Amino acid sequence: MSKTSINARLSMIQAFAGFVDSGSQSATVIFYEGAQPANTAVAADSNNALVTLVFPEPCIKETTPTYVEFHPTDTGSVIKGGTAAWARIYNGAGEVAADLTVGTDISLANTNLVVGGTLFIQSIKLRP
């Protein structure tokens, strides 16, 4: 589907926002080192997790016809040193919502994370 109407995109984005905010816990994003799985159905290797950041509830700040913007995360402590290569967003039920490639889909001021250091996300805008 190369071209969709604004109303169709808005419906998809609103559905995604609802999915991310669903569940009894807060949505999270976990940064990982190493190879990113081929798709979101493949489990992430927990040994490669560097830091977990928690979104406020609700996590969605704004939904527009072209993107969903998340509220800033809390500040998380880095539990393992390494180079952040990718991140996975989980909804409040622990289900995978999206994978993001660092440097392509999401930018960090410094991808080299050090144990005991901190990280937070000021802004995430996801586009369909």
Legend entry - Efficiency of FRET from Cβ geometry, ASN112 and ASN47, R₀ 25 Å, rounded to 0.05: 0.85
Legend entry - Most to least packed among 82-90, 64-72 [average Cβ atoms within 10 Å]: 82-90, 64-72
Inset, instruction - Could you go through region 52-69 in sequence order and give the Karplus-derived ³J(HN,Hα) for each residue, using 6.51 cos²θ - 1.76 cosθ + 1.60 with θ = phi - 60°, rounded to whole Hz, and x for Gly and Pro? - result: 10, 10, 10, 8, x, 10, x, 8, 7, 7, 8, 10, 10, x, 10, 7, 10, 10
Inset, instruction - Count the net charge of all other residues whose Cβ sits under 14 Å from the Cβ of ILE30, scoring Lys and Arg as +1 and Asp and Glu as -1. - result: -3
Legend entry - Surface per residue (accessible, 1.4 Å probe) for the chain, Å²: 54 Å²
Legend entry - region 13-80: relative contact order in percent, alpha carbon pairs under 8 Å with at least 6 residues between: 35 percent
Legend entry - 15 Å beta-carbon shell around PRO56, net charge (K/R +1, D/E -1): -4
Inset, instruction - Name the long-range amide H neighbours of ALA97: under 5 Å, sequence gap of 5 or more, or other chain; modelled H, no Pro or chain starts. - result: ILE89, TYR90, ASN91
Inset, instruction - Please work out the Cα center distance from region 81-128 to region 10-28, rounded to the nearest Å. - result: 17 Å
Legend entry - Potential lengthening between ASN39 and ALA8 on full extension [0.36 nm per residue; Cα-Cα distance subtracted]: 8.8 nm
Legend entry - Average Cα contact separation per residue, the chain, under 8 Å, 6 or more apart, as relative contact order %: 31 percent
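The values are calculated or read from the model by the stated rules, or taken from the named source; none is laboratory data. What you are looking at is a predicted structure, and each value in this text was computed from that prediction instead of being measured. A quick note on method: Cβ atoms are made from the backbone with ideal geometry, for glycine too, and the neighbour counts reach across all protein chains shown. Protein only, heavy atoms only, side chains kept; ligands, DNA and RNA dropped before computing areas. Shrake-Rupley method; radii C 1.70, N 1.55, O 1.52, S 1.80 Å.
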